[in-house]
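Data first, discussion second: the structure below is written as structure tokens.
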Amino acid sequence: MTPQSLRKLERELTIYLDGLTEGMGRPERRAAMAQYVTGLLLDGERKSIEPIAARLVDCAGDVQAMRQRLQQCVVVSGWSAPVMFGRIARALDRDLPGVEAFVVDDTGFPKKGTHSVGVARQYSGTLGRQDSCQVATSLHLAGEQGSGCIGMRLYLPESWTTDRARCEKAGVPATIAFAPKWHHALDLLDAALAAGVRRHVVLGDAAYGTTTEFREALTARGLSYMLRVQGSLVAWPPGTTFTTPPPTFGRPPTIERASPGVHPRTLSALAASLSHRRVTWREGSRGTQTSRFAAVRIRTAQGHRQGAGPGPEVWLLSEWPAGEPAPTKCYVSSLPRTTTLRHLVRLGKLRWRIERDYQEMKGELGLDHFEGRTWTGFHHHAALCAAAHAFLALRRALSPPEPDPVDLGSGAPALTAAAPA
């Protein structure tokens, strides 16, 4: 965004940032937080602290003083990134039209050194391979008219959590222990709900959906889900009858069993046996988006070899594009049995919003440009990037269209952040 474009939004941005930073320390700190967000919004190839400082001052002699102010704010200060994310979450949940889903995912940040917190040779879906990188789990609110990041948590591999000296050097709190990414996703969801965000259906890719414990934890929290899963997941064929065996001796059995002779099948095999039909889920700037889908009610069969009973009844949604030899995607969903096929498809495809968020936060706002090495610095930078992105998402959704999509004008309603927790 050019300085001229940003000046037209100065009033709205000031009101928005005043709400986000209220109560987060002395006026000087809050001013530095606002300056950092402004620097992220301004055009520039690099969005690390020193280039941001250079864009914020008119005189080259003032760059170092501004750099020190921003460094203190982002890397050293003790303000709470989770509180900031909570305020962003409330603002988006309240003001972004059509919010209907939580989206969970993780994203990678390539790193060449070994000192940045969490860096390790690990798999990154962003990179599509194992490489030296950081990985963070994030939570987003999404609807057809926009989306935004409302939480981010850096993943620490066991090579980090078992090396306390290394963690201490990077400022990792002593309470942080190893946990899989889906645990982080649950923590972020819990934080959003505690901040007052409404309950929405949870969307995610197969790294989350295939994990039975994650699906069960969502159900325990009263959250429905629409999650990609691996086709190797097994389920009982549709229409399978389950009964509780009669008691023989001792405690009566409580685990349901399938009818004799019925065996679980992989979701890929079940999907291939279904009749798929053409569904259009979105018409917009990307054109008409259409493919072939089928949906059926199933009960999963995880752990059946160890004596586990069937899982709860859920939807299996499969996509089989024309010209493909077999179905290409499978989803499971705990949405009610009255849910229409088109609604299932639309929600399954809504997960693409998170990819757009990552693209914008990295390509335009410098999410992956942070050069600090500490736990606090990483999460402060992520929270301020999310604040900048949420501002843009709200402006796009709430402002009338203009010839220049960035030049949003000053006639739109002012944005306000949620009140402090």
- Task: Could you tell me what percent of the accessible area of segment 243-319 is made up of carbon and sulfur, with a 1.4 Å probe and every protein chain present?
- Result: 51
- Would you mind finding the longest exposed-site-free stretch of the chain, with exposed trypsin sites (Lys or Arg not before Pro) meaning DSSP loop and at most 14 other Cβ atoms within 10 Å? 113-197
- Message: Taking all protein chains in place and a 1.4 Å probe, what share, in percent, of the accessible surface of segment 49-201 do carbon and sulfur account for?
- Response: 51
- Loop sites in segment 241-317: chymotrypsin sites (Phe, Trp or Tyr not before Pro), DSSP, at most 16 other Cβ within 10 Å: PHE249
- Item | Linear extension gain, LYS112 paired with LEU127, 0.36 nm per residue minus alpha-carbon span | 4.0 nm
- Query: In square nanometres, what is one fourth of the surface area of the convex hull spanned by the alpha carbons of segment 129-189?
  - Reply: 5.5
- Could you state the accessible area per residue of segment 1-67 in Å², with a 1.4 Å probe and every protein chain left in place? 51
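Answer rounded, prolate or oblate for segment 323-379, using the Cα gyration tensor with square roots of eigenvalues a ≥ b ≥ c: rounded when a/c is under 1.5, else prolate when a/b is larger than b/c, else oblate.
On the way: a/c = 3.14, a/b = 2.33, b/c = 1.35.
Prolate, since a/c reaches 1.5 and a/b exceeds b/c.
Would you compute, from DSSP H runs of 4+ residues alone, the mean residue ellipticity of the chain at 222 nm, taking -39500 (n - 2.57) per run and dividing by the full residue count, rounded to the nearest 500? Before the final figure, lay out each step's value.
Details: 15 runs with 154 residues, N = 421.
Using -39500 (n - 2.57) per qualifying helix, the result is -11000 deg cm²/dmol.
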- Item | Residue among HIS184, HIS343, HIS369 with the largest mean-square fluctuation in a Gaussian network model of the chain, springs linking Cα atoms under 10 Å | HIS343
- Task: Could you give the DSSP H helices of the chain that reach 27 angstrom or more along their long axis (alpha carbon positions) and whose average Kyte-Doolittle hydropathy is no lower than -1.0?
- Result: 375-398
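Need the full-extension length gain, SER259 to HIS343, defined as separation in residues times 0.36 nm minus the C-alpha distance. One decimal, nm. Kindly include the intermediate steps, with their values, before the conclusion.
Values: separation 84, 0.36 × 84 = 30.24 nm, distance 3.23 nm.
Between SER259 and HIS343, full extension yields an extra 27.0 nm.
Please report the orientation-averaged projected area of segment 232-382, defined via the convex hull of its C-alpha atoms, in nm². Numbers along the way, then the final one.
Values: hull surface 60.6 nm².
That works out to 15.1 nm², a quarter of the Cα hull's surface.
Quick one: work out Rg over Rh on the C-alpha atoms of the chain, Rh as Kirkwood radius.
Values: Rg = 23.9 Å, Rh = 23.4 Å.
Rg divided by Rh gives 1.02.
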- Query: Pick from VAL234, VAL76, VAL262: which is most flexible by mean-square fluctuation in a GNM of the chain where alpha carbon atoms under 10 Å apart are linked?
  - Reply: VAL262
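Strictly over 32 Å apart at the Cα level, which of LYS169/LYS329; LYS47/LYS181; LYS112/LYS349; LYS47/LYS329 would you flag in this model? Please list the in-between numbers first.
Working: LYS169/LYS329 43 Å; LYS47/LYS181 27 Å; LYS112/LYS349 34 Å; LYS47/LYS329 37 Å.
Those over the limit are LYS169/LYS329; LYS112/LYS349; LYS47/LYS329.
Which whole-number value in Å² is the accessible area per residue of segment 176-286, probe 1.4 Å? Mind dumping the intermediate values first?
Details: 5970 Å² over 111 residues.
Here the residues of segment 176-286 average 54 Å² of exposed surface.
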- Ranked by GNM mean-square fluctuation in the chain (Cα springs under 10 Å), the top entry among ILE298, ILE15, ILE49 is ILE15
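The values are calculated or read from the model by the stated rules, or taken from the named source; none is laboratory data. Treat the numbers as computed from the prediction; the structure is a model and nothing was measured. Using ideal geometry, Cβ is built from the backbone for each residue, glycine included, and neighbour counts are taken over all protein chains shown. Just so you know, the surface numbers come from the protein's heavy atoms only, side chains and all, with ligands and any DNA or RNA stripped out. Shrake-Rupley method; radii C 1.70, N 1.55, O 1.52, S 1.80 Å.
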